[in-house]
Amino acid sequence: MRVHSRSFAVPVKAVIALGSNLGDRRAHLDAGLAALRTLGPVVPSPLVMETPDESGRGPAYLNTVAILVTEEKDPRHLLEALLRLELAEGRDRSAGRNAPRTLDLDLITTDGSPGRWVWATPEDLRVLGSELSLELPHPRAFSRPFVLEPWRALSDPGACGGVIPQEKNANRRER
């Protein structure tokens with residue numbers, strides 16, 4: 001008798017911040033949530049916030065947060081997937097950092113280990129430069145009300161490895 005061993009992937013939870021300040025901002029956020037659903041189940045925050053464009057280069061942003069449940073354990077591959085979704089939604093990165101955008105998808109944290117990564121950009125994302133970098137938790141997320149407030153509005157904001165959104169200590173975990 002042969003015994004088959006099955007390995008079941010343990011899903012990873014990731015907090016994704018969504019933002020848009022060009023065109024039909026609500027439609028872009030909805031398209032972003034729909035695109036995230038191609039990566040796995042999504043729990044969107046009930047709160048959407050409008051915030052001014054701090055750079056002064058564009059109209060106000062609509063922002064929200066969602067928890068994505070995915071089988072992708074490597075945060076670098078998850079970031080690459082998010083960047084592809086942004087480009088598919090018409091994000092133009094030629095104007096540089098902090099330029100107005102149709103859709104911004106930021107990987108805030110996962111229930112995996114924190115860390116910092118730098119790696120060669122895949123060929124299909126070369127428009128972004130030769131290297132990609134990622135720091136988890138996102139270094140500015142905990143000072144941004146437009147990330148924290150929608151995150152806190154989720155029914156279980158500590159779902160990502162117990163990381164709970166708070167301004168003072170980005171690494172506090174629920175016990």
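The values are calculated or read from the model by the stated rules, or taken from the named source; none is laboratory data. Because the structure is predicted, anything quoted here is derived from the model rather than measured. Please note: Cβ atoms are built from the backbone with ideal geometry, for glycine as well, and neighbour counts cover all protein chains shown.
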From the options 22, 33, residue that is in a helix (DSSP H, G or I) and either touching a residue at least 24 places away in the same chain (Cβ under 8 Å) or surrounded by 13 or more Cβ atoms within 10 Å (Cβ to Cβ) (or both): 33
Which listed residue, of 78, 68, 62, is surrounded by 18 or more Cβ atoms within 10 Å (Cβ to Cβ) and over 28 Å from residue 118 (Cβ atoms): 62
Some residue of the range 98-110 being charged (D, E, K, R), within 15 Å of the chain's Cα centre (by Cα), more than 22 Å from residue 50 (Cα to Cα) and modelled with pLDDT of 95 or more: no
From 121, 102, 38, 51, residue being loosely packed, with under 14 Cβ neighbours inside 10 Å and either over 21 Å from residue 24 (Cα atoms) or among the hydroxyl-bearing types (Ser, Thr, Tyr) (or both): 38
Answer from 107, 136, 83 - the residue that is in contact with a Gly (Cβ under 7 Å, 6 or more places away or on another chain) and either closer than 24 Å to residue 11 by Cβ or among the polar types (S, T, N, Q) (or both): 136
Any hit, the range 86-101, residues being closer than 19 Å to residue 19 by Cβ, in a helix (DSSP H, G or I) and either in contact with a Cys (Cβ under 8 Å, 6 or more places away or on another chain) or touching a residue at least 60 places away in the same chain (Cβ under 8 Å) (or both): no
